[in-house]
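Each remark here refers to the structure printed beneath this line.
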Amino acid sequence: MWNETAIKCLRDEAQALLDLIPKLNTDFDRAIDLILACKGKVIITGVGKSGHIGAKIAATLSSTGTPSFYVNPLDLYHGDLGVISDDDVVIAISNSGYTDELLRIVPSLNERQIPIIGMSGNPDSLLAQNSFAHLNIAVEREADPLNLAPTSSTTATLAMGDAIACCLVKARGFRETDFAQFHPGGMLGKRLLTKASDVMHTQELPIVSLTTPLPEAVTIISQGRLGICIAIDNEQICGIITDGDIRRAMQHSKAEFFSLKVEDIMTRAPKIVPPTMKIAEIDRILNNNKIHCVLVADENNHLLGVVDSFSTVI
């Protein structure tokens with residue numbers, strides 16, 4: 001019943017975002033350059049819905065390596081302007097570009113020569129005229145059926161903030177590991193910071209020698225929980241046998257299977273990782289090689305443990 005209204009809303013907002021593309025100009029480049037050159041913080045301010053969107057943009061910038069926070073312009077006007085230093089950059093958001101509460105702080109910022117990046121739907125507004133760079137976030141109409149509630153306009157503002165963040169991430173060479181340091185409590189942060197040594201199996205490892213008969217190796221694999229056995233010779237890792245290797249050996253060698261030894265069928269170049277490798281990278285190795293575990297060894301190729309696909313699930 002309500003699907004048509006919802007579909008129209010989503011289409012209108014999607015179109016509003018596409019309509020932003022022709023509005024990108026040299027001011028956008030200037031805005032990015034201002035932020036990259038900023039030695040202080042990025043202060044974002046706006047009233048009402050613009051303020052809510054501004055807070056989200058500040059959070060996105062902070063989490064991607066640009067120290068930022070949101071401040072209500074009323075608080076700035078009534079004594080909090082001191083939080084803005086001469087090394088900061090201000091992003092001021094107003095859909096009309098004439099929001100009185102926001103414009104009140106502009107003269108003080110201009111007097112201190114603090115760069116203002118204005119975001120509004122009116123490139124001729126007072127906010128635009130008093131900005132070092134102006135980002136046009138105009139929309140043809142709101143997605144709201146009454147064309148009153150901020151819907152397409154707030155979506156456009158949010159997307160412009162994301163576009164800024166994406167450019168800064170690329171310009172700064174921000175990496176996954178950098179992101180993880182700002183999100184240590186989240187799943188991504190844990191995966192990017194957790195090392196092999198934190199999750200590897202170390203107890204009762206299924207170790208065999210090169211000359212261990214295959215029937216005995218089968219028993220060792222079956223008794224373990226990893227589906228493998230590891231061939232060690234002179235305390236060095238020499239190879240690995242998986243339960244799949246056992247099945248293939250039984251199929252191809254048939255009666256001769258019981259006379260075979262570990263060294264006859266083992267994989268002689270198993271995937272070995274250092275204990276410091278992050279599990280996110282181990283996950284890539286497992287997926288790219290279509291295997292279910294890697295061996296963990298020190299610099300002398302001494303076995304330390306095993307990390308399997310279940311260990312990397314956090």
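The values are calculated or read from the model by the stated rules, or taken from the named source; none is laboratory data. Keep in mind the model is a prediction, meaning the values are calculated, not measured. Glycine gets a Cβ as well: all are built from the backbone with ideal geometry, and neighbour counts include every protein chain shown. Calculation scope for accessible area: heavy atoms of the full protein, side chains included, ligands and nucleic acids excluded. Shrake-Rupley method; radii C 1.70, N 1.55, O 1.52, S 1.80 Å.
Extension gain for Gln236-Ile207 works out to 9.3 nm (0.36 nm per residue, less the C-alpha to C-alpha distance). Exposed loop sites here mean GluC sites (Glu not before Pro) with a DSSP loop assignment and at most 16 other beta-carbon atoms within 10 Å; the chain contains its longest site-free run at 1-139.
Mind checking the stretch 1-78 for chymotrypsin sites (Phe, Trp or Tyr not before Pro) that DSSP puts in a loop (not H, G, I, E or B) and that have at most 15 other Cβ atoms within 10 Å?
Here the sparse-neighbourhood loop sites are Trp2.
Our helix-only sum for the chain, with -39,500 (n - 2.57) per DSSP H run of n ≥ 4 divided by its residues, gives a mean residue ellipticity at 222 nm of -12500 deg cm²/dmol.
Computed from Cα positions, the angle between helix 243-253 and the longest principal axis of the chain comes to roughly 40 degrees.
Each residue, Ile7 and Glu216, gets one label point 7 Å from its Cα in the Cβ direction; the gap between the two is 7.0 nm.
Find me the longest stretch of the chain that has none of the exposed trypsin sites (Lys or Arg not before Pro), where exposed means in a DSSP loop (not H, G, I, E or B) with at most 14 other Cβ atoms within 10 Å.
40-103
Could you tell me which of rounded, prolate or oblate describes the stretch 38-77, using a ≥ b ≥ c as the square roots of the eigenvalues of the alpha-carbon gyration tensor, with rounded for a/c under 1.5 and, failing that, prolate when a/b is larger than b/c and oblate otherwise? Oblate.
If the only charges are +1 at each Lys and Arg Cβ and -1 at each Asp and Glu Cβ, what is the size of the charge dipole of the stretch 205-314 around the Cα centre, to the nearest 20 debye?
Details: 10 positive and 13 negative charges, 83 e Å.
The dipole magnitude comes to about 400 debye.
If you compute Cα extents along the principal axes in Å for the structure shown, which of [x] 55, 41, 40; [y] 88, 52, 31; [z] 63, 39, 35 do you land on? Among [x] 55, 41, 40; [y] 88, 52, 31; [z] 63, 39, 35, the one derived from this structure is [y]. Here Arg247 and Lys170 are evaluated by their C-beta separation; at R0 = 45 Å the FRET efficiency comes out at 0.40. Given a 1.4 Å probe and every protein chain left where it sits, what share in percent of the accessible area of the chain is carbon and sulfur? Roughly 54 percent of what the probe reaches on the chain is carbon or sulfur.
For the chain, relative contact order (Cα pairs under 8 Å, six or more residues apart, normalised by length) works out to 14 percent. In the full protein context, the chain carries 54 Å² of accessible surface per residue, based on a 1.4 Å probe and ignoring ligands, DNA and RNA. With a cut-off of 16 Å on the backbone N, the residues of the stretch 1-41 near the modelled label site 7 Å out from Ala159 along Cα-Cβ are 7-25.
With the simple spin-label model, which puts each label point 7 Å out from Cα in the Cβ direction, the Thr276 to Arg225 separation comes to 2.9 nm. By its C-alpha gyration tensor, with a ≥ b ≥ c as the square roots of the eigenvalues, how is the stretch 227-308 shaped: rounded for a/c under 1.5, else prolate for a/b larger than b/c, else oblate? Cα axes put the stretch 227-308 in the oblate bin. Here the chain carries DSSP beta bridges of which approximately 45% are antiparallel, counting only pairs with both residues inside.
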